[in-house]
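The structure appears right after this line, and notes come after that.
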Amino acid sequence: TVNVTISGPTQLVLTTKLNKNFTVFVDLEDLMIGEHHVTIHHENISDKIDVSIDPQAVNITIEERVTRQFKVEPEMNTTLLEDGYTLENLSVEPEMVNITGAKSVIDSISFVKASITEEKGLKESFEQSTPVRVLNDELSGLDVTVEPENVTVSVTIREYSKVVPITLKQKGSVQDGITIKELETEVNEVTVNGKKAIIDELTSLVVEFDVAQLTESGTYEAKLVLPDGVTSKTKTIKV
């Protein structure tokens with residue numbers, strides 16, 4: 001940014017100030033890689049107007065322009081998830097992008113991210129087109145060109161679940177003349193869903209089996225007892 005002071009005939013000065021269609025620039029066409037002290041020029045201002053530019057010159061550094069390929073890291077804050085749901089997978093397409101800039105800036109790239117921006121309460125999988133962010137190790141954005149500028153992030157969300165072992169609990173008394181040689185369930189564990197705080201506390205699930213119904217060997221069904229706030233696709237267990 002520079003300050004441009006103009007002076008001359010009143011009408012020309014007022015018109016120039018109002019239109020502001022002039023350009024302030026530096027000419028770098030014949031300069032090589034390295035550090036330079038260059039004069040600031042102007043154009044499209046009448047020769048009848050005196051122009052003063054402050055500062056009159058600037059120090060610039062010309063660097064090699066390079067293009068490199070980087071892998072994009074998708075990210076999403078898990079606090080956006082509805083309670084009782086978990087982030088199963090994040091993927092991005094395309095996975096690689098081309099980043100172009102000054103060599104020193106490209107060398108300083110530490111992170112290339114695509115971040116999900118959504119409201120809280122997410123409980124269904126979705127896709128989102130999001131811009132690629134290029135950051136240094138201090139998490140400051142870098143002045144580079146990214147191709148493509150936007151990528152598609154696929155978010156897979158599922159209910160929070162846990163595999164819990166089964167405890168078989170016998171109730172009732174066998175009929176006269178019946179002796180139980182063995183009781184066992186066809187499965188030893190089931191998958192349950194629910195809020196993380198509740199699910200993580202579960203160490204086992206009880207299956208109550210009423211032996212008073214037994215008259216012979218065979219396969220019977222027993223109800224799976226689930227705590228409040230816990231669900232499962234498995235409702236009964238074969239014993």
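Pull up region 93-131, narrow it to residues that are basic (Lys, Arg) and at pLDDT below 95, then point me to the one that is nearest to the chain's Cα centre (by Cα).
Lys120
Tallying residues that are open to solvent by 60 Å² or more (accessible area, probe 1.4 Å) and either among the polar types (S, T, N, Q) or in a strand (DSSP E or B) (or both) within region 53-63 yields 4. Looking for something part of a strand (DSSP E or B), modelled with pLDDT under 90 and not aromatic (Phe, Trp, Tyr) - is there at least one such residue anywhere in region 171-188? The answer is yes, given that some residue of region 171-188 is part of a strand (DSSP E or B), modelled with pLDDT under 90 and not aromatic (Phe, Trp, Tyr). Among the numbered criteria (1) at pLDDT 95 or above; (2) surrounded by 12 or more Cβ atoms within 10 Å (Cβ to Cβ); (3) among the hydroxyl-bearing types (Ser, Thr, Tyr); (4) more than 20 Å from Ile157 (Cα to Cα), which one does Ser46 miss? Looking at each condition in turn, Ser46 falls short on (1).
For region 112-129, enumerate the residues that are in a strand (DSSP E or B) and touching a Pro at 6+ places or on another chain (Cβ under 9 Å). The answer is Lys113, Ala114, Ser115.
Of all residues in region 26-34, none satisfies being of a type in the set (Val, Ile, Thr), out of contact with any helix residue (DSSP H, G or I) (no Cβ under 8 Å at 6 or more places or on another chain), open to solvent by 90 Å² or more (accessible area, probe 1.4 Å) and farther than 30 Å from Lys103 by Cβ. Screening region 70-97 for residues that are free of Cβ contacts under 8 Å to residues at least 60 places away in the same chain and outside any strand (DSSP E or B) and picking the one that is surrounded by the most Cβ atoms within 10 Å (Cβ to Cβ) gives Leu80. Filtering region 196-223 to residues that are open to solvent by 100 Å² or more (accessible area, probe 1.4 Å) and outside any strand (DSSP E or B) leaves Lys196, Glu201, Thr203, Glu216, Ser217. Would you call Ile109 assigned to a loop (DSSP other than H, G, I, E, B), of a type outside the set (Ser, Thr, Tyr) and under 19 Å from Leu139 (Cβ atoms)? It is true that Ile109 is assigned to a loop (DSSP other than H, G, I, E, B), of a type outside the set (Ser, Thr, Tyr) and under 19 Å from Leu139 (Cβ atoms).
Among the conditions (1) surrounded by 12 or more Cβ atoms within 10 Å (Cβ to Cβ); (2) over 26 Å from Glu147 (Cα atoms); (3) hydroxyl-bearing (Ser, Thr, Tyr), Thr67 misses just one, which is (2).
The values are calculated or read from the model by the stated rules, or taken from the named source; none is laboratory data. Predicted, not measured: the structure shown is a model, and the values here were computed from it. Heads up, the Cβs are rebuilt from the backbone with ideal geometry, glycines too, and the neighbour counts pull from every protein chain shown. Heavy atoms of the whole protein, side chains included, go into the accessibility calculation; ligands, DNA and RNA do not. Shrake-Rupley method; radii C 1.70, N 1.55, O 1.52, S 1.80 Å.
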